Amino acid sequence: MTAELTGFVGLSVRLTGFDAFDLHATGMVRLYHDTTLDQIGREAIGRFLADLESVGGDPDRLVDETSRDIARAITHLWYLGVWPQLSRPVHAALGREQANVAFTVSPEAYTEGLVWRTFHGHPAGAKAPGFGTWADPPPDASAPARAGAGRGNAS
């Protein structure tokens, strides 16, 4: 893997809260990296990275509107597999020729979105969880109380 892709994964770890292993497991690193470069441009990405570095690498401390929108777009991409529409002022400031529209980057991006992993869900019609798995609560979820249990019903 190139240093540029490694840097993109490091940035994505900070933006998504998922570790590098989980991001690589999606199989989307190269596609998301290339999509980001295509939509934002190398020069703007460089300014964004410098801005992020100036706030200690904490995306929550970004003040610049363009940097905040870039961070939002990359995060959106990872979670939903969709490149979002940028705010009009940011799109204008970037001076990019691409249309400012949201789009799904690939069919696989939907199924590999991090959103599904946040609640141990599965994309409808794409990744079946397996027979009978619906009967068990998701990991880290407590089982709901049964109706009538604990009410002290006496016969």
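Points worth noting:
- Area accessible to solvent at Asp69, 1.4 Å probe radius, in Å²: 20 Å²
- Highest average packing first - 4-14, 71-81, Cβ atoms within 10 Å: 71-81, 4-14
- Applying 1/(1 + (r/R0)^6) with r as the Cβ-Cβ distance of Glu65 and Ala126 and R0 = 41 angstrom yields a FRET efficiency of 0.70.
- Ranked by how many other beta carbons lie within 10 Å on average, peptides 23-30, 119-126 from highest: 23-30, 119-126
- Kirkwood analysis of the Cα pair distances in segment 56-128 returns a hydrodynamic radius of 13.7 Å.
- A crude spin-label estimate for the pair Glu43 and Glu4, with each label 7 Å from Cα along the Cβ direction, gives 1.7 nm.
The values are calculated or read from the model by the stated rules, or taken from the named source; none is laboratory data. Model, not experiment: these values are computed from the prediction. Virtual Cβ from ideal backbone geometry, glycine too; neighbours counted across all protein chains shown. Side chains included, ligands, DNA and RNA excluded: accessible areas come from the protein's heavy atoms. Shrake-Rupley method; radii C 1.70, N 1.55, O 1.52, S 1.80 Å.
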